Amino acid sequence: MKRTMGTDGKCVGWVEVRDPRVNDRSCLPPRGSRTSTHPTISFAALLLSLLPLAAAAEDALPVFTDVTAESGIDVKQSYGDFKLTNIIEGTGSGAAFFDADGDLDLYVLNYGPDVLYRNNGDGTFTDVTKQAGLLNPNGRAMSAAVADLNNDGRLDVYVTNDGMENFYHRNNGKGTFSNEALLTGLAFGEGGQGVSSMGPAVGDVDRDGRLDVYVPDMGYGCLLMNRGEYFEDRTAESKLAVVCGQYTGWGGLLIDYDNDGYLDVFIANGNAHHEYTEEDVLMRNDGTGCFIDVAAQSGDYFKQKYVGRGATYADYDNDGDLDLLVVNLNDSPRLLRNDGGNRNNWLKVAPKLPGGKSDALGARITVKTGSLTQIHDLIPVTGYLSQADPRAHFGLGKAAKADSVEIRWPNGQTVKLQDVQANRTLTVVQKEK
């Protein structure tokens, strides 16, 4: 494909699009090729890919109907004396079962007040921002992460903001939230600086059974380690600050790119205002709480400079290791195929709601292999305005099997499987009530 123009893309995600006229496997690129027409593609390319299909097989394609007004989702809002006369500048959104009623609710990020829409279960939504305790007209949301950060079985919301403190909305249950960012150490980095925080990533970095948070920003970035009652900034001690402090971080990812069982760090970098180019960062977790800069030995891409924004991961070629997709300003997206991460063993877990069609968003997956325990909350939204592969990926090192795989479903029920063989995708469908 000849590239004729640059793009101003910022966000990226994965979606499976299948053309009924072609065989899935025939779309895979040769191993020596860096291009792909595999049917799993980014949202940014989705519309363009469908246009020629629509012209050739119009009757075979589904259509979309704009139901925004009748569903109750409206970008213009009014809260008592606080009235908005202009459209709010939306920056992102996330869907999850915030009230565990089985219907996906919608959290919308804005440069202004964020909004929580409760799903009524009949195709409509209700704005419950104020009664949920989430109303803050002064927010400057850049992105957000949804996860069970305090291990109480409920999904919390962590919002990163531009030039001010970040918000940690702890889910109290019963439809309300409390902002405990200052109390828990999630509002600022250790210096108390109100830098412009970008796309947060959530994962258990030290494998202690608690989810940690990494936040790229215009400073040194922040690695916030979950200590139970509070979060400790370990950016400097982990050796991340000395590398990341050179750049302006946007799309941060916590991924096990080498399948050794520990989460590594990838960051898409690029100047915020003058669009100067910068290198991206890849830091390998050595398992002791420190990270090693491995970018220089990880491919020619890391020797180039870009104006990075969104980034995401997926095993797009289904070979057992996680690949990267990066959106750069004034340039084409970059698909980075992982060659060699599958030298170690791996396991993918795909929890599905009853019926097997919908991902069990918000499910907690726990995989145990020997003395190592890994946890993952199934929320594909990650990093800066991006979405990742919904299949939870676990590196198993040299282990030929996982001793156990446990899934806590969004409604709190659990299922546990023993002796699960490695190097496979395990699909588990929740039983009907």
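The values are calculated or read from the model by the stated rules, or taken from the named source; none is laboratory data. Since this is a predicted model, take the numbers as computed values, not measurements. Quick reminder, even Gly has a Cβ in these numbers, built from the backbone with ideal geometry, and neighbours come from all protein chains shown. Heads up: the accessible areas ignore ligands, DNA and RNA and are worked out on the full protein's heavy atoms, side chains in. Shrake-Rupley method; radii C 1.70, N 1.55, O 1.52, S 1.80 Å.
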Q) At a 1.4 Å probe radius, carbon and sulfur cover how many percent of the accessible area of region 100-202? A) 48
(Q) Rounded to the nearest 20 debye, what is the charge dipole size of region 108-267 about its Cα centre when +1 sits on each Lys and Arg Cβ and -1 on each Asp and Glu Cβ? (A) 520
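Considering only the other residues whose Cβ falls under 14 Å of the Cβ of L396, what net charge follows from Lys and Arg at +1 and Asp and Glu at -1?
Local charge sum for L396: +1.
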(Q) In whole percent, and with a 1.4 Å probe on the protein chains, what portion of the accessible area of region 286-433 is carbon and sulfur? (A) 45
Q: Could you go through region 237-245 in sequence order and give the Karplus-derived ³J(HN,Hα) for each residue, using 6.51 cos²θ - 1.76 cosθ + 1.60 with θ = phi - 60°, rounded to whole Hz, and x for Gly and Pro?
A: 5, 7, 6, 7, 4, 5, 8, 6, x
Q: Using a/c under 1.5 as the rounded threshold, could you call region 176-298 rounded, prolate or oblate? The axes a ≥ b ≥ c are square roots of the C-alpha gyration tensor eigenvalues, and prolate needs a/b larger than b/c, oblate otherwise.
A: oblate
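Exceeding 24 Å between C-alpha atoms, which entries from my cross-link table qualify? They are K352/K433; K352/K416; K348/K398; K352/K398; K348/K416.
The pairs that break the limit, which is 24 Å between Cα atoms, are K352/K398.
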